[in-house]
Every structure is written in C-alpha cells, then in structure tokens.
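Heads up: the structure comes next, in structure tokens.
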Protein chains: 2
Amino acid sequence: MKTAVIAIGGNAILRPGDRLTQENQMKHVAETARGLVDLIQRGFDIVITHGNGPQVGDILLRAEIARGEVTPNALDVCVAESQGQIGYMLQKALSSEFLDRGMNKIAVALVTQVKVSEDDPAFANPSKPIGKYYTEEEARRMEHERGWVMSLDKRRGGWRRLVPSPEPTAIVESTPVRRLVFGGEDQAEVVIACGGGGVPVVLKGGRYVGVEAVVDKDLAAALLANSIRERLFVIATDVDHVFVDYGKPSQRALEKTTLSEMKRLYDEGQFPSGTMGPKALAAIRFLENGGEEVVITATEKLVDALEAGAGTHIYRDDISR
Amino acid sequence: MKTAVIAIGGNAILRPGDRLTQENQMKHVAETARGLVDLIQRGFDIVITHGNGPQVGDILLRAEIARGEVTPNALDVCVAESQGQIGYMLQKALSSEFLDRGMNKIAVALVTQVKVSEDDPAFANPSKPIGKYYTEEEARRMEHERGWVMSLDKRRGGWRRLVPSPEPTAIVESTPVRRLVFGGEDQAEVVIACGGGGVPVVLKGGRYVGVEAVVDKDLAAALLANSIRERLFVIATDVDHVFVDYGKPSQRALEKTTLSEMKRLYDEGQFPSGTMGPKALAAIRFLENGGEEVVITATEKLVDALEAGAGTHIYRDDISR
C-alpha cells in the first residue's frame, strides 16, 4: 500500500478573492475532495493537513466584535475551533465522495495539539500577524491594555496583533493518526490532522498548557509525516512546480532535485518567506529527519505528480530515483 | 480489557452558575479528567461523549452579534466548532493527566457526524431552543426574515429560535472510533466523539449534507455505544442515582433494575423530559439494541459505580447479574 501525508493549501478550501462563506468553502472543498479521492482510488492511503488562516481570522474577528457581551476564548481554543470547522467540511466532502464512488472508507478529523518549547526564541519575537485590523490609536491601546505586540501592515494600512510562531517539536496525537492510517486490519481511514498547524501547547509542570501562538502549517505537517514514519510528504499548493529565479528571465521549474541541492537554493534565498519559503523549509526538515521524498505541486496535479512524475520531486540524497 | 462508552454531562465541563470562561471550564475539565483517568488506571478503555450547550450558545451569540461584519456559519458548522473547542479542552486535560501519572496513553477528539433522516417528524416540529434571546419584535422579524420558528421562554422572558431535534440513525465515524478503542495491538487511545450529539447530516443525492438541527447528546452516545458494539454504557450526570417518585415523599433511588422495569417507569412518566427523561430513553435504546448494562451516576462516583456497584445499574432482561 502506498501512503502519503498531503498538506493542502489555503486555495484547496477557498480561492483567493472569494468571500469566506460556507457555500464558497464547501464548493472548493468538494472539488479538492474529488482530487484527493482520485488519488485514494489509485491505492494511496493518506493523511491530510490543512491551513486555517481565513477561518481562524473570522473566529477571532467575531470574538473581538462580541467581546462586550461574550467572553472571548484564547487563541489556542480558537485554533481548536477552526480544526472542528474545517475538519468537518473536509470529512463530510471526502466521505460523501467515498459514498458516491461506492468506496468503503471514512475520513475523520482529529483535534491535534502540537508541542512547542517555552524557550523557543519566537516567544521573544512575535512575527505572525493575526485577527482584526486596528487603527493606530486602537493599536496603542491594545499594546497598553492587553500587552499585545502590534505591527503596521503597510499594504492594508492597518495595525494587527503579532503572535509568536514557534517551531513544532512533537505532534501530541501522532499515535492515533498512525494507528488509523497504518493500523488497518481491514481498510484504512483517511485522517485529517494538524489543522492550522495544530493547537500549540507547551509542557509546564508536566502538563500540556495552550499558548497564544500559531505554528507554521507546513512545518507541522512535515513533523507529523516524520512522526508517523511516513516516507512521502506532499505539499499541494497553487503552482505546478517550485521555481528557481522566480520572476526573472532565468526562471526555471525544478523537476527532480535532492535535499542537498534544495538546501543550497534555500540558503541562497531563492524562496520568498511569504510563499515558497516555509514549504521549502518543511521539505528540507522532512528529508533531514528520515523522510525519503517530497512532492510539491498544484492541488489539481496531485494524481499526475504521484503517478507520472509531474511537479517538483525532492529526494533524500541517498535515495536512488 | 474492560471498556465503556461514558457520556459526561454539562456539569463535567462547567458547573451550573459559573460563568462560561476558559478558566472555569479548564478547572472543571481537569477535575473530570482526574476522575476519568482513575477509572482508566483501573483497566477501563473508554470512549467519552459530551454536550455542548453553553459553548455552542456562545458561538451562536458571537456569530449573531458580529453578523453585520462577518458572515455567520450555519448551525452544523457551529456544532463542529464546538467539538473542536471542547474536544481540545478534554484531550489536553486527559493527556496531561496521563503524562502526570506516567501512563503511556493519549486522548484524542474525533470530529463526528451523526446521520438523521430527512423524513424525521422532528423537522416539521422544531422543539429545541438555541442561541440568543430576542424581544418579541425581534422574534417576529426573525420569523419573517429568516424563516425561523421562535418560541417564548417564559422563565427568562425572551424569545429563542427552535430547531428540530431528530433521532440519530447512524454515527458516520463509528469505524475510526472502534478502531482506536478496540484495535489496540498495543495500548488503546481514549477517544472523545459525538460531541454535542454530533454534527447532524442527512443523505441527499447520495452525499452527506449538514442540517440546521441538534441531536440529543444522550441518544447519540447510546447509538455510538451500540455502533461500536460496546456492552457497557455509562451516563455521568449530577445525581448519584435515577430516582422514582422524584421529589415526592415516596421518592426512592433505583439501584439495580432491568430494561423492562425501566420501560415501565418511563411510560409512567417517572422521568422529566428536561432532565432524566432523555437519559432514561438513551438507556432503554442502548439495551434494546444489543447493549448489556447501563450505569447512571454522578461524575464523581464513576469509579465507585463501576467497581463497587454504586449508582443506578440497568441490565438487559436476559443478563444475569
């Protein structure tokens, strides 16, 4: 049986420019589910991870607007809420697709915590903007009243809260994920896990404690893939390939490459931090920690990439291809 | 190995009268987790189900207040959000308790859909009040603008939306629940499922479609217990026993009884619809559908009840005790 961890991008749930409504999300999720089930039908058992940017943004915004009347939850709880919401949409669409094709399979979303270290330098240097946009005056008040770190988004002309984005160090629920995907006496389930990068927790006095932070979803997905000892990690995004010299006349698509070549390109600064950077880093981490192959391609190209070599394939240096 | 499905009551998460804050919830959830882990340490593998009344209430209230600025989600998505939120709190508290006691176990919450029938008569007769309280004028507007069915809550003096509460007919994700609890080559996980009665879905054109309804959490828990072929179903609530002639001079606690006796008492109207009624009905359903024993007792009495016979025990008539 072939297996893979597949990190689906934000565009698999909502297309850029589309309004965040349930209808728009369900439409794209249904389309994504068709593509994923095409793959599953070809014999792949998969674990799916996903982002939660727009959805947790709305959860935070509602909480902020209603703050005078309803006590808001902390960020960790909001991330967990978004896992419930998006997990439900994905498992409903996938299980519907299985039903439609007469496949005896079930997709299920697991609420997932991701361990981070209290000593992570990210906690001293919040860098990830989340939630509502504020005026400068409001931003100053938030800094004063709530101790938030605020930053001006020059493009949008508003101020936003910055939260730490620490490194994931362990996936708390990797055992149940592994059990559902590989434990199969009969048929494996499709597991949705690590939504939004997982709910970040630290160990404090020997217990898990939620923290006000967000974990990069691609790094969390890579760690999950390593944790369940998966050999193949797939990042589905909005471009067919990883590009070198992106946007320059010398631009070229990467087709097959190695971990060491990828590290060289990463160190050269080939991958912008807002887009391909975190994905390239997640690929490197996965291969450094025992993974064999990373595929980065467009969501629509998944079957092509895994069956016919489309997209960018990155191999651990000792893996012959 | 002894196993059980345990339906924990609202008071296991938030005590009546306490404000719905994260601190209050985490305090009670930690206490509940200690009691549950006491039981697990005595050799029980368990599936936990829970309610979501106050939590989904707050989610709906925030959505309503922010409606002008943020598109609200439908009720099914809000229930899924509450599963993420409460599931996270429970699994964090349980996994922390395992860590603290050096137990190699993990608790994990599964987003759970519950199938209901489109033809359920409940859809023609919405009966379950949810969400915000409105004035009469607002209530009339909601009826007109949104087609909601509104009802006056005389005690609180406000109008609320009524939604259908159809019968659960299947637990969509029963296979992964069963696999995690019973599939254990090594140690079983503790599974949290069917939160808030599950996200209600109907089959439409061969696909799962979410509906604006809520499923009774005790009935959903009983059906989950039957679906995974569990023999023992436990309802943890705020009283030690089920009582007959409750509040009358002839009041007596039920200690051991049978399905047929329970049905007789239920038909007599011994169990009020707001409190013990749904639990008694869930117990009856579970035993009629293959279950062997139901225990109803206080959350604090779980170990006593399962090890020393405290609480109310109801047996299928053909089970010797």
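Students often forget the sequence filter, so: which aspartates and glutamates lie under 15 Å Cα-Cα from residue B:154 once same-chain residues fewer than 8 apart are removed?
Partners within reach: B:136.
What is the total of Lys pairs in the range B:238-321 with C-alpha atoms under 20 Å apart, excluding same-chain pairs fewer than 8 positions apart?
Total qualifying Lys-Lys pairs in the range B:238-321 comes to 4.
Quick one: which residues, 5+ away or cross-chain, put their amide H under 5 Å from the amide H of residue B:257? H built at 1.01 Å from N.
B:313, B:314, B:315
Please say if chain B is rounded, prolate or oblate, where rounded means a/c under 1.5 for a ≥ b ≥ c the square roots of the C-alpha gyration tensor eigenvalues, and otherwise the choice is prolate for a/b larger than b/c and oblate otherwise?
prolate
Pick from A:114, A:181, A:244: which residue has the top mean-square fluctuation in a GNM of chain A where Cα pairs under 10 Å get a spring?
Among A:114, A:181, A:244, the largest GNM mean-square fluctuation belongs to A:244.
Hey, how many Å between the Cα centroid of the range A:267-320 and the Cα centroid of the range B:252-278?
First find each Cα centre; the distance between them is then 61 Å.
With the contact rule set at Cα under 8 Å and sequence spacing of 6 or more, what percent relative contact order holds for the range A:238-321?
39
By Cβ position, which chain A residue lies least far from the axis that rotates chain A onto chain B, and what is the distance to the nearest whole angstrom?
Looking at chain A's Cβ atoms against the axis toward B, the nearest is A:84, 1.
Percent of accessible area on the range A:238-321 owned by carbon and sulfur, 1.4 Å probe?
Of all accessible area on the range A:238-321, carbon and sulfur atoms account for 45 percent.
I'd like the per residue volume of the convex hull spanned by the Cα atoms of the protein assembly as shown, given in cubic angstrom.
Given the Cα convex hull of the protein assembly as shown, per-residue volume reads 169 Å³.
Which parts of the range B:241-258 would a label at residue B:2 reach, counting a residue when its backbone N lies under 18 Å from a point 7 Å out along Cα-to-Cβ?
B:256-257
Mind listing the long-range amide H neighbours of residue A:190? Cut-off is under 5 Å, sequence gap 5 or more, other chains count too, H placed in the peptide plane at 1.01 Å from N.
Here the answer is A:106, A:107, A:108, since their amide H atoms fall under 5 Å of that of residue A:190.
For a Förster distance of 35 Å, can you work out the FRET efficiency between the beta-carbons of residue B:118 and residue B:275, rounded to the nearest 0.05?
0.70
Can you list the distances in nanometres, one decimal and ascending, from the residue B:143 label point to the identical position in each other copy, with the point 7 Å along Cα to Cβ?
Computed spacing set for this position: 5.3 nm.
Could you name every residue in the range B:95-135 that has 40 Å² or more less accessible surface in the full protein assembly than in its own chain alone (probe 1.4 Å, ligands and nucleic acids excluded)?
B:96, B:99, B:106, B:108, B:111, B:113
Could you pull out the GluC sites (Glu not before Pro) across the range B:243-321 that fall in loop regions by DSSP (anything but H, G, I, E, B) with no more than 12 other Cβ atoms inside 10 Å?
Answer in residue order: B:255, B:268.
For residue A:68, which inter-copy label distances result when the label point lies 7 Å beyond Cα on the Cα-to-Cβ vector, reported in nm to one decimal and in ascending order?
1.0
Could you run the numbers on buried accessible area between A and B, total for both chains, 1.4 angstrom probe, in Å² to the nearest 100?
Roughly 5200 Å².
Where only protein heavy atoms count, and the probe is 1.4 Å, what is the accessible area per residue for the range A:83-177 in Å²?
44
Can you tell me the accessible area per residue over the range A:238-321, all protein chains present, probe 1.4 angstrom, in square angstrom?
Roughly 50 Å² per residue, with all protein chains present.
How large is the helix-only mean residue ellipticity at 222 nm for chain B, computed as the sum of -39500 (n - 2.57) over DSSP H runs with n ≥ 4, divided by its residue count, in deg cm²/dmol to the nearest 500?
Helices in chain B give a 222 nm mean residue ellipticity of -12000 deg cm²/dmol.
If amide hydrogens are placed 1.01 Å from N in the peptide plane, which non-local residues have theirs closer than 5 Å to the one on residue B:127?
B:163, B:165
Counting other Cβ atoms within 10 Å of each Cβ, which GluC sites (Glu not before Pro) in the range B:88-156 have at most 15 and sit in a DSSP loop?
Answer by residue number: B:118.
What are the distances, in nm and sorted shortest first, from the label point of residue A:249 to the label points of the same position in each other copy, with each label point placed 7 Å from Cα along the Cα-to-Cβ direction?
With the label placed 7 Å along Cα→Cβ, residue A:249 yields 10.4 nm.
Name the helices (complete DSSP H segments) of chain B with a Cα length along the long axis of 20 Å or more and a Kyte-Doolittle mean of at least 0.0, or state none.
Span-like helices in chain B: B:75-100.
Could you tell me what percent of the DSSP beta bridges with both partners in the range B:238-321 are antiparallel, to the nearest 5?
70
With point charges of +1 on the Cβ of Lys and Arg and -1 on the Cβ of Asp and Glu, referenced to the Cα centre of the protein assembly as shown, which listed residue (A:78, A:260, A:96) lies farthest in the positive direction of the dipole?
With unit charges placed on the Cβ atoms, the residue in question is A:78.
Write down the accessible area per residue of the range A:1-60 in Å², having rolled a 1.4 Å probe over the full set of protein chains.
Accessible area per residue: 35 Å².
Counting other Cβ atoms within 10 Å, which trypsin sites (Lys or Arg not before Pro) in the range B:105-174 have at most 16 and lie in a DSSP loop?
Hits after loop and neighbour filter: B:154, B:155, B:156.
What do you get when you divide the Cα radius of gyration of the range A:258-321 by 2.2 N^0.38 Å, with N the number of residues?
Ratio of Rg to 2.2 N^0.38 Å for the range A:258-321: 1.10.
Apply the Karplus curve 6.51 cos²θ - 1.76 cosθ + 1.60, θ = phi - 60°, to the phi angles in the range B:2-17 and return the couplings in whole Hz, x for Gly and Pro.
8, 9, 7, 9, 10, 8, 8, x, x, 6, 6, 10, 8, 6, x, x
Let me confirm one metric for peptide B:175-182, namely the mean number of other chain beta-carbon atoms within 10 Å of its residues' beta-carbons.
Shielding by partners across B:175-182 averages 5.
Specify whether the C-alpha gyration tensor of the range B:36-152 places it in the rounded, prolate or oblate class, a ≥ b ≥ c being the square roots of the eigenvalues: rounded for a/c under 1.5, otherwise prolate if a/b is larger than b/c and oblate if not.
prolate
Find which of B:199, A:157, B:241 sits farthest along the positive direction of the dipole of the protein assembly as shown, computed with +1 on the beta-carbon of Lys and Arg, -1 on that of Asp and Glu, about the Cα centre.
So the residue we want is A:157.
With springs only between Cα atoms under 10 Å apart, run a GNM on chain A and tell me which of A:87, A:290, A:43 wobbles the most.
Looking only at A:87, A:290, A:43, the biggest GNM fluctuation is shown by A:43.
From the Cα gyration tensor of the range A:159-281, with a ≥ b ≥ c the square roots of its eigenvalues, which class applies: rounded if a/c is under 1.5, or else prolate if a/b is larger than b/c, or else oblate?
Cα axes put the range A:159-281 in the oblate bin.
Measure off, as a whole percent, the carbon and sulfur share of the 1.4 Å-probe accessible area of the range A:145-194, all protein chains present.
Reported share for carbon and sulfur atoms: 43 percent.
The values are calculated or read from the model by the stated rules, or taken from the named source; none is laboratory data. From a predicted model like this one, the values you see are computed outputs, not experimental measurements. So basically every Cβ, Gly included, is an ideal-geometry build from the backbone, and we count neighbours across all protein chains shown. Side chains included, ligands, DNA and RNA excluded: accessible areas come from the protein's heavy atoms. Shrake-Rupley method; radii C 1.70, N 1.55, O 1.52, S 1.80 Å.
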